Amino acid sequence: MLDNLKILYHQGKQFIPNVQTAKVPGIFRGRPIISSEKVNEVELVEICPTNAITANPLAIDLGKCTFCGECAKCFPNKIQFTTDYKLATNLRENLIVKEGDQNAIQINQDKIRNEIKNFFGNSLKLRQVCAGGDNSCEWELNAANNVQFDMGRFGIEFVASPRHADGIVITGPITENMAEPLQICYDAIPNPKIIVLASTDAISGGIFENSPAVDRSFLNKYPIDLYLPGNPVHPLTIINGLLGLTKR
Amino acid sequence: MNYTIIHNNQTIDIATIPQLEYDVFFDLNSNFILDHSERHCVNYFGYKVENDIKLICCIADDDTHEIFVSSCLVNNTNDYHSFSAKLLCFEKFEREIHENFGIKYLNHPWLKPVRYAFNRFDKTKTIANYPFFSIDSEELHEVGVGPIHAGIIEPGHFRFICNGEQILHLEIQLGYQHRGIEDLFLKKKKLLQRSTLAENIAGDTTVGHTTAFANITESLCGFQKPREIEFGRTIALELERIAVHTGDLSGICTDIAYQLGSSVFGRLRTPIINFLQEWCGNRLGKGLIRPGVNQFPFTPELAKRIIEILDSFEHDFVEMNKELFKLPSALSRFERTGVVSKEDILNIGAVGMVARMNYLNRDIRVSHPNSIYSELNHEPIIKHHGDVYSRVQIRRQEVIQSIKHIRKLVENVPEISKEKVGLGKPKTNSFTISLVEGWRGEICHCAITDSNGELVIYKIKDPSFHNWLALALAVRNNEISDFPINNKSFNLSYCGHDL
Ligand code: SF4
């Protein structure tokens with residue numbers, strides 16, 4: 001008993017008091033800023049491994065970006081990654097950061113489905129389905145629940161059965177072999193069947209976009225309620241995104 | 001000689017690999033392994049050469065630090081004797097060759113699909129109708145779990161045959177995570193795309209797999225690595241080991257309902273992965289390792305930082321472990337749970353931690369050292385019971401050992417050279433193999449180039465490819481309620497297996 005208390009004492013306070021203002025340590029590649037400097041855009045576009053960069057005007061699609069940082073390394077005056085981890089949005093087009101954009105990425109409150117807006121303020125239960133995720137996004141989703149990020153304090157939890165869930169968090173590019181299990185799981189969830197896509201692979205397919213082993217037809221059938229970009233998505237992006245969606 | 005000898009990360013002309021008749025090939029490779037516990041098959045795969053399939057078999061010898069490579073041409077009109085009938089460690093490899101190319105084996109014990117690859121030979125076989133082993137019996141019942149599991153984990157299906165609470169048999173069906181990675185390595189031509197793919201093989205082993213990819217690419221291009229690159233990779237590999245082992249200890253505590261251990265180990269992982277972020281901007285080390293460049297040099301400031309972090313980490317880690325290992329309620333769940341015998345470990349060709357939990361000294365850091373491991377005088381941690389207890393103990397001790405390695409390494413942080421040397425072009429008609437000891441065990445990548453230096457095949461083997469069978473054997477005669485702790489104590493990769 002005494003030993004346990006000693007261990008507890010040695011741990012000190014571990015939780016992050018304010019997940020909305022917390023700073024991430026060291027370098028972190030969050031929301032990019034693109035300057036108006038003239039560069040060889042063809043060359044810049046060519047660098048990107050996932051075709052996330054488009055020219056005229058120059059823009060980065062955070063739904064495709066793997067946050068490898070190569071573009072910023074080669075064109076440091078043109079592209080800079082800030083440590084802003086609030087990358088979540090409910091609109092796919094908001095993930096496209098254009099030249100000169102300085103503003104934070106927003107969750108458009110008017111576009112949140114009414115069934116979601118008014119009900120999940122204090123409790124949100126989610127089912128996670130990994131459909132080809134590489135276990136990094138799964139690892140970060142788990143981390144969002146650890147004693148430091150402690151997402152549970154907001155009443156947001158991952159549950160063991162789709163029957164207990166309000167929605168689904170999908171990771172991975174959705175492999176052909178997981179397409180059916182994903183559909184079965186989705187069908188088992190009661191309304192309003194919130195869909196959250198976590199990490200680049202889920203949002204756009206990422207590096208697997210055109211792989212013949214991937215089947216993303218599921219995503220064409222239903223509205224997507226939240227996009228959580230990252231490679232993998234950072235726990236603070238997850239928590240702020242889910243809080244933004246359920247409006248607190 | 002009917003085989004060629006190479007070393008880890010060596011590139012050779014593909015023509016120097018002798019091509020044998022199947023019978024000779026069969027005898028040669030099975031005799032390599034039969035009664036030689038210091039040898040095992042690190043990779044055995046096929047690829048299309050016109051209308052035939054060329055098989056390449058790589059047997060590593062841990063004592064001599066050599067790899068024996070031989071090849072053979074087969075086709076799908078003939079029938080072949082299976083290696084597996086003689087040596088179980090070839091079981092998965094032959095199933096894969098059968099699944100991909102339709103090569104027929106006469107006496108394979110268990111010729112079932114491995115991962116339902118999109119380009120498999122027989123498309124009529126689908127993942128929904130996997131041929132599970134079953135028993136007709138009034139007394140026994142079957143329990144199916146997955147593909148989607150209760151927690152936040154990757155998908156896979158487990159089919160148990162139980163007698164009451166007792167597991168008689170477990171069959172593990174994988175393939176749900178198949179993303180066609182090996183094929184994408186050929187299609188995506190940019191180096192950065194391939195590096196990104198390597199990072200995605202198994203995100204929890206980002207450092208391990210990107211190191212294997214970087215090493216193989218550099219070897220193919222004849223790039224001479226400066227010490228700083230090797231140094232960074234070695235540190236990163238050991239950090240990854242510390243982070244995941246610590247996280248696993250947390251998971252294991254969760255599975256025995258020990259909340260304190262679960263929270264403390266869970267939070268201890270954070271400073272380690274946050275250090276990776278400080279170093280390279282990503283908590284899992286994505287972006288850190290790239291062929292031919294030192295993307296994020298390890299500076300003396302970082303060295304100071306990691307020592308600070310490790311100092312406070314080690315204190316809490318040791319304290320928590322002391323407590324955990326004197327708890328009777330924890331020990332009674334660990335000891336004699338999920339035992340895999342020494343013979344089975346050897347027969348199935350287990351690698352990494354799973355080999356080391358029961359006498360088998362298999363560790364690439366010693367047997368085929370890459371990077372600067374040869375300077376570390378690494379001594380593998382070996383356990384002798386093959387149970388959950390052994391697997392937990394290995395993690396505990398390997399974390400401490402990795403800390404020691406890092407402390408030693410950062411005493412001498414190499415200078416960062418200013419001059420940039422280009423990677424160069426890949427050699428033509430070549431074969432390269434790269435072995436890396438990731439935290440799970442041995443990672444093996446192989447690459448073959450054509451007459452233009454383009455990749456003909458990129459073959460990836462995660463340690464889980466060997467070790468999943470060990471989990472299936474471990475749970476036999478255990479209570480089904482002990483499955484979670486068994487599973488966690490192995491913590492094998494689904495995506496690394498399914499590719
Ligand atoms: S950081 Fe994103 S946009 Fe830039 S090169 Fe990498 S993937 Fe492309």
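Bear in mind these aren't lab numbers, they're just calculated from the coordinates by the rules spelled out. Just so it is clear, the model here is predicted, and its values are computed rather than measured. Note: ideal-geometry Cβ built from the backbone for every residue, glycine included; neighbour counts use all protein chains shown.
Give me B:Lys187, B:Lys54 ranked fewest to most by other Cβ atoms within 10 Å of their Cβ, as a rough exposure proxy. Numbers along the way, then the final one.
Working: B:Lys187 13, B:Lys54 20.
The order, fewest Cβ neighbours first, is B:Lys187, B:Lys54.
Under a 5 Å amide H cut-off, with hydrogens placed 1.01 Å from N, B:Cys72 pairs with B:Leu20, B:Leu55 among residues at least 5 apart or on other chains.
With θ taken as phi - 60° and the Karplus curve 6.51 cos²θ - 1.76 cosθ + 1.60 applied, the whole-hertz 3J(HN,Hα) list for the stretch B:404-410 is 4, 4, 5, 4, 5, 4, 6 Hz, x standing for glycine and proline. For chain A, the alpha-carbon radius of gyration amounts to 1.06 times the rule-of-thumb value 2.2 N^0.38 Å expected for a compact globular protein.
Note that the stretch B:208-454 shows a convex hull volume over its alpha carbon atoms of 124 Å³ per residue.
The stretch A:152-218 to the stretch B:450-475: how many Å between their Cα centroids? When both Cα centres are located, 27 Å separates them. Under 17 Å of direct C-alpha separation, and excluding same-chain neighbours fewer than eight residues apart, B:Lys427 reaches these aspartates and glutamates: B:Asp13, B:Glu218, B:Asp450, B:Glu454. Applying a threshold of 30 Å to the alpha-carbon distances of B:Lys54/B:Lys225; A:Lys38/B:Lys187; B:Lys48/B:Lys461 flags B:Lys54/B:Lys225; A:Lys38/B:Lys187 as lying beyond it. Of all beta bridges that DSSP places with both ends in the protein assembly as shown, some 75 percent have antiparallel geometry. Under the criterion of Cα pairs below 8 Å and six or more residues apart, the relative contact order for the stretch B:19-114 equals 24 percent.
Given the pairs A:Lys193/A:Lys221; A:Lys6/B:Lys322; B:Lys286/B:Lys404, which span a C-alpha to C-alpha distance of over 21 angstrom in this model? Before the final figure, lay out the partial values.
Details: A:Lys193/A:Lys221 13 Å; A:Lys6/B:Lys322 12 Å; B:Lys286/B:Lys404 24 Å.
Distance filter (> 21 Å) returns B:Lys286/B:Lys404.
Averaged over the residues of B:200-210, the number of partner chain Cβ atoms lying within 10 Å of the residue Cβ comes to 4.
Would you order A:Tyr227, B:Tyr130, B:Tyr80 from fewest to most other beta-carbon atoms within 10 Å of each residue's own beta-carbon?
Values: A:Tyr227 28, B:Tyr130 16, B:Tyr80 23.
With the sparsest Cβ surroundings first, the list reads B:Tyr130, B:Tyr80, A:Tyr227.
Mean partner shielding of peptide B:260-273, defined as the number of other chain Cβ atoms within 10 Å of each residue Cβ, is 4. For the protein assembly as shown, the residue among A:Gly244, A:Ala179, B:Ser137 whose Cα projects farthest onto the positive side of the dipole built from Cβ charges is A:Gly244.
Could you calculate the FRET efficiency of B:Glu411 with A:Tyr9 from 1/(1 + (r/R0)^6), where r is the beta carbon distance between them and R0 is 41 Å, rounded to 0.05? List each step's numbers first, then the result.
Working: r = 33 Å, r/R0 = 0.80.
That pair, B:Glu411 with A:Tyr9, gives E of 0.80.
In the P(r) worked out for the protein assembly as shown, what percent of Cα pairs fall beyond 43 Å? Above the 43 Å cut-off, the protein assembly as shown has 22 percent of its Cα pairs.
Restricting to Cα pairs below 8 Å that are 6+ residues apart, what does the relative contact order work out to for chain B? Please round to a whole percent. List each step's numbers first, then the result.
Values: 971 pairs, mean separation 94.1, N = 499.
Reported relative contact order: 19 percent.
How well do other chains shield peptide B:171-183, expressed as the mean number of their Cβ atoms within 10 Å of each residue Cβ? If you can, show how the numbers build up before the last one.
Working: counts 0, 0, 0, 1, 4, 12, 11, 8, 20, 10, 5, 0, 3.
Across the residues of B:171-183, the mean count of other-chain Cβ atoms within 10 Å is 6.
When A:Met178, A:Met151 are sorted by how many other C-beta atoms sit within 10 angstrom of their C-beta, beginning with the fewest, the order is A:Met151, A:Met178. Estimated at 0.36 nm per residue, the fully extended path between A:Thr54 and A:Glu180 surpasses their Cα-Cα distance by 42.0 nm.
A crude spin-label estimate for the pair A:Lys117 and A:Ala160, with each label 7 Å from Cα along the Cβ direction, gives 3.6 nm. From the alpha carbon centroid of the stretch B:236-265 to that of the stretch B:290-318 is 19 Å.
Note on B:Ser134 and B:Asn477: their simple-model spin labels are 2.7 nm apart, each label 7 Å out from Cα toward Cβ. Helical runs assigned H by DSSP (4 residues or longer) give chain B a calculated mean residue ellipticity at 222 nm of -12500 deg cm²/dmol, each run adding -39500 (n - 2.57) before division by the residue total. Packing here is the average count of other Cβ atoms within 10 Å per residue, and on that basis the peptides B:477-483, B:386-392, B:39-45, highest first, run B:386-392, B:39-45, B:477-483. Once the Cα-Cα distance is subtracted from the 0.36 nm per residue extended length, the B:Asp63 to B:Lys404 segment shows a gain of 120.3 nm. Among residues other than B:Ile135 with Cβ under 15 Å from its Cβ, the summed charge is -3 (Lys and Arg +1, Asp and Glu -1).
Taking amide H as placed 1.01 Å from N in the peptide plane, B:Gly438 has its amide H under 5 Å from the amide H of B:Ile443, each at least 5 places away in sequence or on another chain. Scalar couplings 3J(HN,Hα) for the stretch B:228-241, obtained by applying the Karplus form with A = 6.51, B = -1.76, C = 1.60 to θ = phi - 60°, are 4, 5, 4, 4, x, 5, 5, 4, 4, 4, 6, 5, 4, 4 Hz; x denotes Gly and Pro. With both residues required to sit in chain A, DSSP beta bridges show an antiparallel share near 40%.
Across A:Asp110, A:Asp187, A:Asp134, mean-square fluctuation computed from a Gaussian network of chain A (C-alpha pairs under 10 Å connected) peaks at A:Asp110.
Find how many whole Å separate the alpha carbon centroid of the stretch B:137-151 from the alpha carbon centroid of the stretch B:165-199. If we compute the Cα centre of each part, the gap is 24 Å.
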